[in-house]
Amino acid sequence: DAALACEELALRARGDLDHGRPREAALQLAIALDAGLAELEVWREQGGMADRLEELDDRREAVARAARAALQGGLDEEHAAEVEIVLGRLEAALRERQVASGE
């Protein structure tokens, strides 16, 4: 099974967060989320993926707001927290895909 683009983007976002770069993480997450929603659609019927995809889609606008704030110079605590939460949820969906794929 080939690696998904959203996996690499999510890893970059996690690295940015872990190294104190929340602005960069917000920007990486915005594209990782869009890619993830598209790429993970194939696994919608596996396990709890449908619920995970719905949750991620519901948080899309919050991530977009965080990315816009990042472009304007910085994230407040609310935006930074949203980035952390959504990235964690995207990572959980990626783990769900691995289980569904038997990886």
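The values are calculated or read from the model by the stated rules, or taken from the named source; none is laboratory data. Small disclaimer: the values here were computed from a predicted structure and weren't measured. Counting neighbours? That spans all protein chains shown, and the Cβs are built from the backbone with ideal geometry, glycine included. Calculation scope for accessible area: heavy atoms of the full protein, side chains included, ligands and nucleic acids excluded. Shrake-Rupley method; radii C 1.70, N 1.55, O 1.52, S 1.80 Å.
One table, with the values for the structure above:
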item	result
Any hit, region 90-103, residues being closer than 17 Å to GLU8 by Cα, of a type in the set (D, E, K, R), open to solvent by less than 20 Å² (accessible area, probe 1.4 Å) and part of a helix (DSSP H, G or I)	yes
Check on LEU71, within 14 Å of the chain's Cα centre (by Cα) and closer than 17 Å to ALA13 by Cβ	no
Check on GLU54, at pLDDT 95 or above and within 17 Å of LEU11 (Cα to Cα)	no
The listed residue being over 12 Å from the mean Cα position of the chain (by Cα) and not hydrophobic (A, V, I, L, M, F, W, C), out of GLY36, GLY15	GLY15
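Residue-wise test of (1) within 22 Å of ALA2 (Cα to Cα); (2) small (Gly, Ala, Ser); (3) open to solvent by 10 Å² or more (accessible area, probe 1.4 Å).
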| residue | (1), (2), (3) |
| --- | --- |
| ARG14 | yes, no, yes |
| GLN28 | yes, no, yes |
| GLY36 | yes, yes, no |
| ARG44 | yes, no, yes |
| ASP58 | no, no, yes |
| GLU61 | no, no, yes |
| ALA64 | no, yes, yes |
| HIS79 | no, no, yes |
| GLU82 | no, no, yes |
